[in-house]
Amino acid sequence: MGTKVRSSSKIRYAFDEINRLVIDAPDALRPHQVLNGSVSLDVKNRLVYRVVSDPGAESGSGPHLITLEGTWTVTPDHQLALALHETDRIAKQTVYLRGALVDAQANALVFSLQGQHGDRAPATQRLTLVGRWVADGNNRLTFLAQTADGAEDRLTLQGGWEVGPRHELVYRYQQRPARRRKPDQHTLVFQGSWDVLPTGRLAYRLEGSSDSVFAFQASLQSRSLLASEGRMAYEVGMAVRQGVRQHRRIVLFGTWKVNRDLSVEFQIPYANGRIESIQFEGSYTVNRAGRVSVALRRPQGQRLGITLTLTKPLAKDAELFLQIQQDDNEHAVMGGVRLRF
């Protein structure tokens with residue numbers, strides 16, 4: 001049976017305020033080293049430090065790589081943290097990278113590192129974690145980073161989010177850098193489109209990805225909608241830092257349209273003139289006053305419990321291809337097809 005290596009004799013890593021790698025190796029000839037270099041990620045989101053200046057290395061030995069593997073998280077202050085996997089040589093520990101989350105892409109989270117070249121010149125590096133976006137059980141934005149063993153690390157943004165003027169999903173946060181009074185303001189904009197799920201959830205699908213979807217637990221404010229108002233309003237609760245819970249009213253503005261095949265769509269405008277539609281099917285009824293109502297369901301047939309009332313402006317336009325009437329036996333005739341309700 002092998003002898004267990006004491007934790008005190010194992011290697012410990014850290015990053016200093018300009019993200020240089022610091023190594024403490026009690027049993028080494030040089031127990032404490034501060035190495036100049038650059039940080040990157042490999043295809044499995046492992047942290048790779050390329051040492052370009054090692055004061056103890058032989059002349060002409062060239063740069064070498066140090067790979068650190070662990071579990072990624074994001075701190076409440078929006079710094080990157082990596083809990084290293086313990087081995088016979090490496091102690092159980094967490095290293096922190098100083099910088100800011102600067103971009104959110106369909107399958108990536110981008111982090112900008114603080115640093116400098118030499119003694120004075122500032123420098124920036126960018127790390128791009130690869131994975132997918134989801135919403136957690138508290139409606140917080142969560143990035144699932146791919147790992148070498150096929151699992152996924154969870155990086156949860158612990159602040160609240162909002163909807164911008166062109167229906168884009170926006171996350172804002174502040175950071176207070178060392179030795180500065182005024183905090184830095186950061187904004188992440190997620191490009192995508194909204195969708196209504198049959199499970200009572202409101203979804204935001206990120207543009208350019210088939211597996212990055214925020215499926216939020218949401219409450220529809222009214223299940224009786226008027227087509228003339230052109231909106232759908234939801235309330236979403238989200239947990240934020242220190243156990244505080246926020247409630248946001250999410251209003252989607254758009255135009256209701258009835259198609260020739262009697263399907264219904266809600267057209268929502270986005271930035272740069274882009275328009276995306278949420279598709280519905282429906283069961284039509286006509287009351288004694290001649291008002292048309294549609295019980296909406298998804299194209300797969302799932303009922304939503306939402307009723308849309310077609311007001312006169314929409315009904316007038318729909319008459320170009322629909323003839324809706326009601327006979328004495330309470331049958332509705334639509335487009336020549338007789339339906340019973």
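The values are calculated or read from the model by the stated rules, or taken from the named source; none is laboratory data. Source: prediction; values computed, not measured. Because the Cβ atoms are built from the backbone with ideal geometry, glycine has one as well, and the counts that use them run over all protein chains shown.
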Checked against (1) part of a loop (DSSP other than H, G, I, E, B); (2) exposed (fewer than 12 other Cβ atoms within 10 Å of the Cβ); (3) of a type outside the set (A, V, I, L, M), Pro198 satisfies every condition except (2)
Against the definition (among the β-branched types (Val, Ile, Thr), part of a strand (DSSP E or B) and at pLDDT 90 or above), how does Thr309 come out, yes or no?
yes
Pairs, please: C-beta under 9 Å, at least 6 apart or cross-chain, first residue more than 16 Å from Val240 (Cα to Cα) and at pLDDT below 95 and in the range 134-152, second of a type in the set (Asp, Glu) and outside any loop (DSSP other than H, G, I, E, B)?
Gln146/Glu152; Gln146/Asp153; Thr147/Asp153
Cβ-Cβ under 6 Å pairs, at least 6 apart or on other chains, the range 94-105 side touching a residue at least 24 places away in the same chain (Cβ under 8 Å), far side surrounded by fewer than 18 Cβ atoms within 10 Å (Cβ to Cβ) and among the β-branched types (Val, Ile, Thr)
Val102/Val110; Asp103/Val110
Taking Asp153, is it assigned to a loop (DSSP other than H, G, I, E, B), in contact with a strand residue (DSSP E or B) (Cβ under 6 Å, 6 or more places away or on another chain) and among the acidic types (Asp, Glu)?
no
Tell me, please, whether a residue that is among the acidic types (Asp, Glu), over 14 Å from Leu141 (Cβ atoms) and modelled with pLDDT under 95 can be found in the range 183-198.
yes
When you go through Val264, Val251, Val244 one by one, which is the residue that is of a type in the set (Val, Ile, Thr) and surrounded by 15 or more Cβ atoms within 10 Å (Cβ to Cβ)?
Val264
